[in-house]
Amino acid sequence: MYLATHLPHDQLVDRLRAAGVEHGRVGPTDERGWTFADVEIEPATRPEAPTLTEALAVVDRAVPTPWVALLDMWSDDVPNAVAGVLATREQAGRSAVVTWADTAADDDIDADLRLGGDPADVLAAIDRLLGLQMPAAQAADELAGAVDVDDLLGAVGRVAVLPVTDADDLGPSAHLVRNDPEFVRASLRRVPQAWLRVPDDRTSVVVTATTTAVPGSDAHVQAAVAESQLLMHLGEALREDEAVFSVFRLGRTTSWALASPGGVSHHGNWDSPWSYLDDPSGGHGAGEAFAAAFGEPLDPIRARALLAASTWDGDPLAELVHQYRLPAVLLDAVGDPERFRHGAERVEGVALGGEITPAERSVLAARAPRRSPARRAVDVALLLVGLALFGIGFALVVTDGELLGATARPWYAMPACWVGGILAAIGGLSLRSERTRHRRFVGD
């Protein structure tokens, strides 16, 4: 759900959290006093789809009037056959609404939109509240021209004078990895290009091609996707006392994420004009996770306050580096990537002609996630017992029971085949999936 409401940023954040909204983001308030929010509101449990009135009542419970709201079929609880809803509510309770119908076939996952009525009332209300960027007739054509659900916000943004609806483009990012540097170097073959510094035998600092590509370009998107896959790969291999600490610059904002063993993660933002509603939960337990990977901080009280903060007087990353005695080169990696790359080891990925050497493949294989011996034993047992049951059942079917000296086929012969086949399939597929996952991790 996308919302524009005439409420200051901090008050909107408090209002949404008080309403139980746990996921979403709230942007900066513009000079007119309007604030944009992109939120996920849990739908009410009901036996059937809501009416339009019930769908908009959710907005009323979350924010005060006046507001402009955009709901869609993928993110919100909307009536059947409705792909999108654009609605307004003014101070006197005056409201207007227009919908887009979903005319796609049942087996088509992409909605085929058709504007379901005259948007004149909605556009007039938007003009009174936010202002229009074009004549009403042209604005109506713009709304009617929305091609799919993903284009709805773009269409409304082209029509209305909205407050800021998106954060700054992703800027420099860096990753401090606390585990075997040889494993990190081998893992970097997964991205097109990366630069690596190894401050000590348990620590690596990495920047990828996202620091060299133009934000928004195809090269930058490809580098960002590869970087995301790299982080997932590194996170899968973490062991006790290890971690991946990632730092991202988003304009004047610093965002951080800490991946710990077992798929546990923490995250937060400093000095962002945007508030992320899940930040308090993302930072819960972060102090203990940092201490497990990097040791106790110099000042535990100050370090905990830093990780819980959304703003900080000074450079929060420099403070974190100081508190946990992290390599200072991490500051260069984020603040001056070009300086970091100068003198760093350049690692070419497979996509640019680099090759995974036998030694690197061995390092990757040693780090590949494996099921516990107990789980593997269960899979093997399922496979063997299943094959035995299937074999016995099949033999009884073929011999009409002569295998046991019976004069007729036992009633349990066919069930034994079925049960045995199912057990063998479960065990065999589980073992095969582990092997496939291992090969994918190693890069075979």
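The values are calculated or read from the model by the stated rules, or taken from the named source; none is laboratory data. Predicted, not measured: the structure shown is a model, and the values here were computed from it. Note that we place each Cβ from the backbone using ideal geometry, even for glycine, and neighbour counts take in every protein chain shown.
Here Leu298 clears all of (1) surrounded by 17 or more Cβ atoms within 10 Å (Cβ to Cβ); (2) hydrophobic (A, V, I, L, M, F, W, C); (3) more than 30 Å from Ala368 (Cβ to Cβ) except the condition numbered (1).
Kindly indicate the residue of the range 144-161 that is within 27 Å of the chain's Cα centre (by Cα) and not in a helix (DSSP H, G or I) and also farthest from Leu70 (Cα to Cα) among those meeting that condition. Selected residue: Val147. In the set (1) part of a loop (DSSP other than H, G, I, E, B); (2) of a type outside the set (D, E, K, R); (3) free of Cβ contacts under 8 Å to residues at least 24 places away in the same chain, Gln91 fails one condition alone, (3). Taken as a whole, the range 377-398 holds no residue that is among the aliphatic types (A, V, I, L, M), modelled with pLDDT under 85 and within 30 Å of Ser255 (Cβ to Cβ). Among the conditions (1) buried (at least 16 other Cβ atoms within 10 Å of the Cβ); (2) assigned to a helix (DSSP H, G or I), Ala291 misses just one, which is (1). Kindly check whether there is at least one residue in the range 318-340 that is in contact (Cβ under 8 Å) with a residue 40 or more places away in the chain, within 30 Å of Pro163 (Cα to Cα), more than 21 Å from the chain's Cα centre (by Cα) and not assigned by TED's automatic domain parsing to the domain that holds Val26. Yes, some residue in the range 318-340 is in contact (Cβ under 8 Å) with a residue 40 or more places away in the chain, within 30 Å of Pro163 (Cα to Cα), more than 21 Å from the chain's Cα centre (by Cα) and not assigned by TED's automatic domain parsing to the domain that holds Val26. Of all positions in the range 190-202, at least one carries a residue that is modelled with pLDDT of 95 or more, touching a strand residue (DSSP E or B) at 6+ places or on another chain (Cβ under 8 Å) and β-branched (Val, Ile, Thr). When the range 221-253 is filtered for residues that are modelled with pLDDT of 85 or more, part of a strand (DSSP E or B) and out of contact with any Pro (no Cβ under 9 Å at 6 or more places or on another chain), the ones remaining, listed by number, are Val244, Phe245, Ser246.
The set of residues in the range 154-175 being in contact with a Ser or Thr (Cβ under 7 Å, 6 or more places away or on another chain) and at pLDDT 90 or above consists of Gly157, Pro163, His175. For the range 266-287, the criterion of being crowded, with 17+ Cβ neighbours inside 10 Å and either over 22 Å from the mean Cα position of the chain (by Cα) or not assigned by TED's automatic domain parsing to the domain that holds Thr208 (or both) is met by at least one residue.
Anything in the range 225-239 that is without any contact (Cβ under 8 Å) to a residue 40 or more places away in the chain and within 12 Å of Asn179 (Cβ to Cβ)? List them, or say none.
Here is the first cut: in the range 225-239, the residues without any contact (Cβ under 8 Å) to a residue 40 or more places away in the chain are 225, 228-229, 232, 235.
Gly235 - this is the single residue of the range 225-239 that is without any contact (Cβ under 8 Å) to a residue 40 or more places away in the chain and within 12 Å of Asn179 (Cβ to Cβ).
For the range 1-73, the strands (runs of 3 or more DSSP E) that sit wholly inside it and include 2 or more residues that are of a type in the set (A, V, I, L, M, F, W, C) are 2-5, 35-40, 67-72.
For the condition out of contact with any strand residue (DSSP E or B) (no Cβ under 9 Å at 6 or more places or on another chain), farther than 24 Å from Glu54 by Cα and either part of a helix (DSSP H, G or I) or at pLDDT 95 or above (or both), what is the one hit in Asp107, Asp141, Asp127?
Numbers: Asp107 fails: either part of a helix (DSSP H, G or I) or at pLDDT 95 or above (or both); Asp127 fails: out of contact with any strand residue (DSSP E or B) (no Cβ under 9 Å at 6 or more places or on another chain).
The conditions single out Asp141.
Consider the range 341-363 and keep the residues that are at pLDDT 85 or above and buried (at least 16 other Cβ atoms within 10 Å of the Cβ). The one that is farthest from the chain's Cα centre (by Cα) is Ala344.
Assigned by TED's automatic domain parsing to the domain that holds Thr65 and either more than 16 Å from Trp100 (Cα to Cα) or buried (at least 19 other Cβ atoms within 10 Å of the Cβ) (or both): does that describe Ala124? In short, yes.
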